[in-house]
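**Student:** Take a look at this one; I'll ask things after.
The values are calculated or read from the model by the stated rules, or taken from the named source; none is laboratory data. It should be emphasised that the depicted structure is a prediction, and the values quoted were computed from it without experimental measurement. Cβ placement follows ideal geometry from the backbone for every residue including glycine, while neighbour counts extend to all protein chains displayed. Just so you know, the surface numbers come from the protein's heavy atoms only, side chains and all, with ligands and any DNA or RNA stripped out. Shrake-Rupley method; radii C 1.70, N 1.55, O 1.52, S 1.80 Å.
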Amino acid sequence: MTQSSARSDIMRSAVLAQVGALGPTSRASLARLLSVSPALVTQVTKQLIADGLLVELDHSPSQGGRPARLLGLVADAGRVIGVKVVADHITVVEVGIDGTVVRSATEPFDAASATAIPTLASLLRTFIAGGSDRPLLGVGVGVPGDVDDQSLGNVDSTQLGWSHVPLGDVLRRELALPVLVENNVNALAMAELLHGQARGHDNVLVVTIGTGIGAGIIADGSVLRGHGGGAGEIGHLPTQEDGPRCSCGADGCLESLIGEGALVSAARTRGIIGEAAGMSTLRGCADAGDTAAQELFSHAGHLLGRALAGVVNTIDPEILILLGEGVEAWNHWSYGFEPALRSGLMPRKRGIPVAVETWQDDRWAQGAASLVLATPFDAAGRTGEQGRLVRERLTEPSLRDGAQESR
């Protein structure tokens, strides 16, 4: 995909996101908010109107000159399902075409079960059945692991214990809907492009800290997937030669030192928290002024800062975005992170802005939904057959009413 086509695809979704968030909006306002030319906004909105996603409304009040025509979302344009899959539960959301979460649910799930995939399909069917009657465009699934291709959706995940699992194929057959599957951090990076602080940037590093350590790399306006869909696995950067065994099978990976499990284990060993206590207790100790707990987080921040300095020096992003469950304790991580990051950067890169976002668990699922939200505007066809099926659901009344299966 060329940079221009990728940027155009994202811009169409960004327009929808702005109109959805702000309500009826003029073309001139969209150009200012998105920092693009009025001509580009006119071109993009013309196509969105033709696609039945935007509609022209009443004029806005004039302050002299010709009154601006407002644009609004078509109310029945569609909805999307997003699901985050982890080893012991799933989080599912229904979102509108502007990315706004309409409803969500969290359900127990055993990824190691022999019936894990049929169970997942059943949980999704139940959730979908309880939704609105707006047209359903498709399902996006985020998983902690490698995905060969969004449209195919074959998954390898050490966290889930899955090897070559044909998740996309099974869910498409069971749900009779277009399904896109992606690494959960890559999906989150797409959500940042559409609705978050990555919007307006072409080169971004999105890093998640929590159970694992991951990264979504946005290069020239597109999420970088790599040869087998595994780009961004910074949690497996070799960090300590004689370090603990990582879930990937190697020793001393970054994740094995500063992932949630590693921090909790270290806190228990040092007597900071009890054997039955977890991350919330550890964070509470640090908040209450426990020096040992604070130093544990600060050291983790130092290791993360040094690692990310190397990544930033290598890929040269415009902005670094940090999010995930771990940011709830970021005020403790930051003491070690900031000096380690800045000192490890090349001089001209030391001013890179770092954005730390507040976290809600359904953000992962919202990221998965963004896979589908971006698909209708995938002019270069990176989402393959599933992208075509989603686009058909936007334009064909019979498909939008669910009268035809996705296969």
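**Student:** Given the residues G200, G230, G243, which is the only one that is closer than 26 Å to D110 by Cβ and not basic (K, R)?
**Tutor:** G230
**Student:** Run down V165, V204, V155 and say which single residue is at pLDDT 90 or above, in contact with a Pro (Cβ under 7 Å, 6 or more places away or on another chain) and of a type in the set (V, I, T).
**Tutor:** Among V165, V204, V155, only V204 is at pLDDT 90 or above, in contact with a Pro (Cβ under 7 Å, 6 or more places away or on another chain) and of a type in the set (V, I, T).
**Student:** Right, something else. Right, S256: among the polar types (S, T, N, Q), under 23 Å from L160 (Cβ atoms) and either surrounded by 20 or more Cβ atoms within 10 Å (Cβ to Cβ) or touching a strand residue (DSSP E or B) at 6+ places or on another chain (Cβ under 7 Å) (or both) or not?
**Tutor:** Judged against the criteria, S256 is a match.
**Student:** Same structure, new question: Filter segment 1-40 for residues that are at pLDDT below 75, open to solvent by 60 Å² or more (accessible area, probe 1.4 Å) and in a helix (DSSP H, G or I) and give the result.
**Tutor:** Scanning segment 1-40 gives Q3, S4, A21, L22.
**Student:** Filter segment 299-312 down to residues that are of a type outside the set (G, A, S) and open to solvent by 30 Å² or more (accessible area, probe 1.4 Å) and give me whichever is farthest from L322 (Cα to Cα).
**Tutor:** Restricting to residues being of a type outside the set (G, A, S) and open to solvent by 30 Å² or more (accessible area, probe 1.4 Å), the top hit is H299.
**Student:** Count, please, the residues in segment 185-224 that happen to be open to solvent by less than 20 Å² (accessible area, probe 1.4 Å), part of a helix (DSSP H, G or I) and not acidic (D, E).
**Tutor:** The qualifying residues number 9.
**Student:** Please find, among L124, L137, the residue that is surrounded by 17 or more Cβ atoms within 10 Å (Cβ to Cβ), modelled with pLDDT under 95, under 21 Å from the mean Cα position of the chain (by Cα) and of a type in the set (A, V, I, L, M, F, W, C).
**Tutor:** Exactly one residue qualifies, and that residue is L137.
**Student:** Provide a single number: the residues in segment 228-253 that are crowded, with 16+ Cβ neighbours inside 10 Å and either outside any loop (DSSP other than H, G, I, E, B) or of a type in the set (D, E) (or both).
**Tutor:** Total satisfying the criteria: 5.
**Student:** Grab the strands (runs of 3 or more DSSP E) fully contained in segment 123-169, keeping just those with 1 or more residues being among the aromatic types (F, W, Y) and farther than 17 Å from L371 by Cα.
**Tutor:** 162-166
**Student:** Moving to a separate point now. When you scan segment 78-110, how many residues do you find that are closer than 18 Å to P178 by Cα, open to solvent by 10 Å² or more (accessible area, probe 1.4 Å) and out of contact with any Ser or Thr (no Cβ under 7 Å at 6 or more places or on another chain)?
**Tutor:** Result for segment 78-110: 1.
**Student:** Looking at this structure, is E174 crowded, with 18+ Cβ neighbours inside 10 Å and of a type in the set (D, E)?
**Tutor:** So E174 does not fit the description; no.
**Student:** Quick one: which of V80, V102, V93, V143 is under 24 Å from Q360 (Cα atoms), without any contact (Cβ under 8 Å) to a residue 40 or more places away in the chain, touching a strand residue (DSSP E or B) at 6+ places or on another chain (Cβ under 6 Å) and β-branched (V, I, T)?
**Tutor:** V102
**Student:** Next question, about the same structure. Against the conditions (1) open to solvent by less than 70 Å² (accessible area, probe 1.4 Å); (2) touching a Phe, Trp or Tyr at 6+ places or on another chain (Cβ under 7 Å), where does L296 fall short? Just the number, please.
**Tutor:** Here L296 meets the rest and fails (2).
**Student:** Next question. Can you report the number of residues in segment 72-87 which are assigned to a loop (DSSP other than H, G, I, E, B), within 20 Å of the chain's Cα centre (by Cα) and charged (D, E, K, R)?
**Tutor:** Residues in segment 72-87 being assigned to a loop (DSSP other than H, G, I, E, B), within 20 Å of the chain's Cα centre (by Cα) and charged (D, E, K, R): 0 in total.
To keep it simple, each residue is scored yes or no on (1) without any contact (Cβ under 8 Å) to a residue 24 or more places away in the chain; (2) in contact with a Ser or Thr (Cβ under 7 Å, 6 or more places away or on another chain); (3) on the phi < 0 side of the Ramachandran plot.
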site	(1), (2), (3)
P244	yes, yes, yes
E260	no, yes, yes
L263	no, no, yes
G274	yes, no, yes
G278	yes, no, yes
R283	no, no, yes
